[in-house]
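Trainee: Got a structure for you, questions after.
The values are calculated or read from the model by the stated rules, or taken from the named source; none is laboratory data. For clarity, every value in this text was computed on a predicted model and none was experimentally measured. Backbone-built Cβ (ideal geometry, glycine too); neighbour counts: all protein chains shown.
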Amino acid sequence: MAMPMKFNTIISEMGSNISGGQRQRIALARALINNPSIVILDEATSALDTINEERITKYIKSQGCTQIIVAHRLSTIKDADIIFVMKGGKIVESGNHKYLMELGGEYYSLYTKRK
């Protein structure tokens, strides 16, 4: 859904007249506007399409801020420096994507199921 009046579009209370993806993009813009050194993102791109998710991920990375990301969509975390895999509320594996794939454990199982 495009914003008919661009920046002058009136958004209703609780954003009921915009999509979930638009709400997420607005929330991300608010979080990033002051150039934070650390940003915590919990399912922050779950309502976005792959193209917008990649754009936002590239932008955040270009800003040089530390990211702590909670995500179920593995494409969101694939390029992270360190990935923590949790099961039953405990960390069961950690490492980067390449290492975890070579390990052949929980992450590998989740990743190959999603493909």
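Trainee: Of the residues Ile11, Ile18, Ile26, only one is in contact with a helix residue (DSSP H, G or I) (Cβ under 9 Å, 6 or more places away or on another chain), loosely packed, with under 15 Cβ neighbours inside 10 Å, modelled with pLDDT under 90 and in a loop (DSSP other than H, G, I, E, B); which?
Mentor: Ile11
Trainee: Right, next: Spot the failing condition for Thr112; the list is (1) over 19 Å from Ala27 (Cβ atoms); (2) surrounded by 14 or more Cβ atoms within 10 Å (Cβ to Cβ), and only one is missed.
Mentor: Answer for Thr112: the failing condition is (2).
Conditions tested, residue by residue: (1) touching a strand residue (DSSP E or B) at 6+ places or on another chain (Cβ under 9 Å); (2) assigned by TED's automatic domain parsing to the domain that holds Tyr108.
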{"residue": "Glu13", "(1), (2)": "no, no"}
{"residue": "Asn34", "(1), (2)": "no, no"}
{"residue": "Ser37", "(1), (2)": "yes, no"}
{"residue": "Val85", "(1), (2)": "yes, yes"}
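Trainee: Please go through the range 75-89 and give me each residue that is exposed (fewer than 14 other Cβ atoms within 10 Å of the Cβ), on the phi < 0 side of the Ramachandran plot and not in a strand (DSSP E or B), ordered by number.
Mentor: Listed by number, the residues that qualify are Asp79, Asp81, Ile82.
Trainee: Does the range 38-58 contain at least one residue that is among the small types (Gly, Ala, Ser) and in a helix (DSSP H, G or I)?
Mentor: So far as the range 38-58 goes, no, none of its residues is among the small types (Gly, Ala, Ser) and in a helix (DSSP H, G or I).
Trainee: Answer yes if at least one residue in the range 32-42 is surrounded by 12 or more Cβ atoms within 10 Å (Cβ to Cβ), modelled with pLDDT under 90 and aliphatic (A, V, I, L, M), and no otherwise.
Mentor: So far as the range 32-42 goes, no, none of its residues is surrounded by 12 or more Cβ atoms within 10 Å (Cβ to Cβ), modelled with pLDDT under 90 and aliphatic (A, V, I, L, M).
Trainee: Is at least one residue of the range 90-98 acidic (Asp, Glu) and surrounded by 14 or more Cβ atoms within 10 Å (Cβ to Cβ)?
Mentor: Yes, the range 90-98 has at least one match.
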